[in-house]
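What follows is a short report on a single structure.
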Amino acid sequence: PADRSTAGRYRTQHEQGRFGQPGIQKVGVLGGGQLGKMLALDAARMGVNLSVLDPAQPACPAAVAAPQVVGSFQDPAAIRRFAAGLDILTVEIEHIDAEALEEVASHLTVEPEPATLRIIQDKLKQKEHFTAHDIAVAPFVGIASEADAQAAAARFGYPFMLKACRMAYDGRGNAAVNRPEDLSEAVTSLGGYGAGLYAEQWVPFDKELAVMVVRSRSGRVRAFPVVQTLHRDSILWVTEAPANVPPTQLAQAEDLAARTVSCLQGAGVFGVEMFALPDKGLMVNEVAPRPHNSGHYTIEACASSQFEQHLRAVLDWPLASTDLVVGASIMLNILGSGEGEEGLAAAHDLISRAYQTPGASVHWAPEAAAAGIARAEQGGAAPLSSPAAAGFSRSGAQPQVGIIM
Ligand code: ATP
Ligand code: MG
Ligand code: MG
């Protein structure tokens, strides 16, 4: 289309009558990990023609429900080839080659906008973007040398959080610096000063909240209930829905999530993570421009899942209700070593206990770590080739069990 603005593109496509034909539009997803699998399962149910691009062999997790094209979502040539047969391209991971997406966006629909992925895949850029749009975040500063780190320590005091700008997820990419002596190990664990680091003031939060917001291509917006998340070692452990916070704070969280997503372009689901401060104020921690693990509870607990909504949003189908359909729900994320017969037996013991609990549902993701390793190897970015990540790779498969009740 001549008008390359978001609105112009949508208008042109609407005029061409290309929307609302289930099964006819071909949707491709960059990434076929655990989130891609859940997206593929819903797509299969919904009659959406979906395929995924993922390097994992012999098969990525999503391959149980969608055709997999083997290739890296960080390889421009693989993205170009994958995009050639599609109408709509979306992502289940933000660590993709944004330049290739910008290129293919001239001849197919890419959601969310590549520019949004470019901002979010770099946590420092993300923080700068939100600051420029008056969204409160913890004070932060880019770090490129020991002198920068010392200056950050003097400014923020201890503890402070050191973070990798890129390739960060599930706490890999974060290192708390509790004392001056911890600094050099923290820097090394994140790949060194050259890897792209920044420092963040420690947030003495009361609670962490998250809101999944969905926006369709024609700009309709809905939000799932505000949830409370609990992390262990920077990894999501429990999600409680709805969040047990006063109504005024719920309203503030909804408002902050809506304002945050409104300064990012494109359609799909966005996970907005925030800190609730002791003075009841709120700060944004980070945004995921895709379905997010704090939204898994929506599969059983809401009228529609975050995955169904993501597909509806990128196809520009009407959005469904996001209401909670149970009184309350928790998601418990269990990570296991899963190695050998013993590890598997332990996982299956947990699963059988979960099935004895009325109302509990199990989501089993034995391939999660395998996909993570494949990504680490082909990604090649410093944080993932750090000693911590190498240890993770060596540990082999780490079955993940999610229990939603
Ligand atoms: P995700 O898996 O959600 O993508 P991530 O690896 O990108 O996570 P963050 O969201 O930056 O990591 O941080 C993970 C967790 O670490 C947060 O949810 C919070 O519990 C803690 N955390 C992060 N930044 C800070 C901070 N500045 N002060 C205190 N705790 C923090
Ligand atoms: Mg993150
Ligand atoms: Mg996070």
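Work out the length of the dipole vector of region 128-257 about its Cα centre, built from +1 on the beta-carbon of each Lys and Arg and -1 on the beta-carbon of each Asp and Glu, and round it to the nearest 20 debye.
For region 128-257, the charge dipole is close to 540 debye.
Straight-distance candidates among the aspartates and glutamates for linking to K163, with alpha-carbon spacing under 15 Å and chain neighbours fewer than 8 residues away dropped: D122, E128, E146, D148, D182, E185, E200, D233, E286.
Dipole orientation for region 216-375: of the candidates S262, Q309, H363, S262 has the Cα lying most toward the positive pole (charges on Cβ; Lys, Arg +1; Asp, Glu -1).
Extending 7 Å from Cα along the Cβ direction at A251 and again at S106 yields two label points whose distance is 4.9 nm.
Name the trypsin sites (Lys or Arg not before Pro) in region 228-305 that are in a loop by DSSP and that have at most 14 other C-beta atoms within 10 Å, would you?
Hits after loop and neighbour filter: K280.
A simple count of charges around F205, restricted to other residues whose Cβ falls under 14 Å of its Cβ and scoring Lys, Arg +1 and Asp, Glu -1, yields -4. With the simple spin-label model, which puts each label point 7 Å out from Cα in the Cβ direction, the E342 to R81 separation comes to 4.3 nm. Legend: distances between Cα atoms for K37/K207; K125/K207; K37/K127; K123/K280; pairs beyond 27 Å are K37/K207; K37/K127.
Quick note: the coordinates plus some simple rules give every number you see, no bench work behind them. All values reported here derive from a predicted model rather than from experimental measurement. Note that each Cβ is placed from the backbone with ideal geometry, even for glycine, and that neighbours are counted across all protein chains shown.
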